[in-house]
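K.L.:
Can you read through this structure? Questions will come right after.
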Amino acid sequence: MVFLTLVSTLGFVIFLILIQLGILQQKEEAFASSLIKNRTPALTRMMLFFTNLGKAAPTITIGLLLFAFPDTRESIAPQTATSIFVVSGLAYLIKRLVRRDRPINHRLVEEKDHSFPSAHAATAAAMYGTIAMTIGSLMPQAVLPMAIFACLIAFLIGFSRVYLGIHFLTDVLGGWFLGTAVAALVTLLFMT
């Protein structure tokens, strides 16, 4: 967990620096253009589903459901709630410090906040990552399936944000790194 926390934090810092320097801006815009050209109605509906899954209401609902069940009330819910709270606060503060504008053209969804890091991607990585790491520590045989599930859901939520034109790819990558760092750190702290 320590290694994952350090690597994820380093990844986040690297993307933060790259964004501040503007090094990847043209490549990100080219990537977004290729996504926009390949949009389909069915894929757009799917991406809207996953972007909505990453919003506050579903996230809070999942967190509260973990407290509702006796099997997860003490073993998973506190870590998950802590991760959601910490990553949401960090994403909010970092957005205000970095103040990166969102992509301008071809948005399918409107957002008013700043772009970096993607709070959807950060929260998804933190929440599902914490659930997966905690279950994996309680049941080692579940590590691989839980890791795959967490990565898949976090990927789809984050990718939906780029597909829908409301984030640059580095916003999402930075969010994933931030969320993973928080998930690993919180899981580590709760395990000790």
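K.L.:
Need one number: nm distance between label points at Lys55 and Phe3, each 7 Å from Cα along Cα→Cβ, rounded to one decimal.
P.N.:
In this crude spin-label approximation the distance works out to 4.0 nm.
K.L.:
Right, next: Any chance you could run the full-extension gain for Ala68 through Leu97? It's 0.36 nm times the residue separation minus the Cα-Cα distance, nm to one decimal.
P.N.:
Answer, rounded to one decimal: 6.8 nm.
K.L.:
Can you give the accessible area per residue of the chain, in Å², using a 1.4 Å probe? Don't skip to the answer; put the middle values down first.
P.N.:
Values: 10080 Å² over 192 residues.
Accessible area per residue: 53 Å².
K.L.:
Please give the Cα centre distance for segment 139-192 versus segment 51-114, rounded to the nearest Å.
P.N.:
So the two Cα centres are separated by 11 Å.
K.L.:
Once you have the Cα-Cα distance between Ile104 and Ala42, take 0.36 nm times their residue separation minus that, and quote the gain in nm to one decimal.
P.N.:
20.0 nm
K.L.:
In segment 1-62, which trypsin sites (Lys or Arg not before Pro) are in a loop and have at most 15 other Cβ atoms within 10 Å, using DSSP for the loop call?
P.N.:
Loop-located and lightly packed - Arg39, Lys55.
K.L.:
Another one. When only the heavy atoms of the protein chains count and the probe is 1.4 Å, how do Met139, Met133 rank by accessible area, highest first?
P.N.:
Met139, Met133
K.L.:
With a 1.4 Å probe and all protein chains kept in place, how much accessible area does Met191 have, in Å² rounded to the nearest 10?
P.N.:
Rounded to the nearest 10, that gives 110 Å².
K.L.:
Note down the relative contact order for the chain as a percent, whole number, built from C-alpha pairs under 8 angstrom at least six residues apart.
P.N.:
RCO, the chain: 35 percent.
K.L.:
Just the number, please: carbon plus sulfur as a percent of the accessible area of the chain, 1.4 Å probe, no ligands or DNA/RNA counted.
P.N.:
Within the chain, the accessible surface is 73 percent carbon and sulfur.
K.L.:
Sum up the lysine pairs in the chain that clear both bars: alpha-carbon distance under 18 Å and a spacing of 8 or more or different chains.
P.N.:
Here the count comes out as 4.
K.L.:
Between Ser34 and Phe149, what is 0.36 nm times their sequence separation minus the Cα-Cα distance? Round to one decimal in nm.
P.N.:
Extra length from Ser34 to Phe149 when fully extended: 38.7 nm.
K.L.:
In the full protein assembly as shown, how much of Glu111 is accessible to a 1.4 Å probe, in Å² to the nearest 10?
P.N.:
50 Å²
K.L.:
Among Val87, Val98, Val182, which one shows the highest mean-square fluctuation when the chain is modelled as a Gaussian network with alpha-carbon springs under 10 Å?
P.N.:
Top of the fluctuation ranking is Val98.
K.L.:
What figure, in Å² to the nearest 10, do you get for the accessible area of Asp113 with a 1.4 Å probe and non-protein molecules left out?
P.N.:
50 Å²
The values are calculated or read from the model by the stated rules, or taken from the named source; none is laboratory data. Treat the numbers as computed from the prediction; the structure is a model and nothing was measured. No Cβ is skipped: glycine too gets one built from the backbone with ideal geometry, and neighbour counts run over all protein chains shown. Quick note on the areas: whole protein, heavy atoms, side chains included, nothing else; ligands and nucleic acids left out. Shrake-Rupley method; radii C 1.70, N 1.55, O 1.52, S 1.80 Å.
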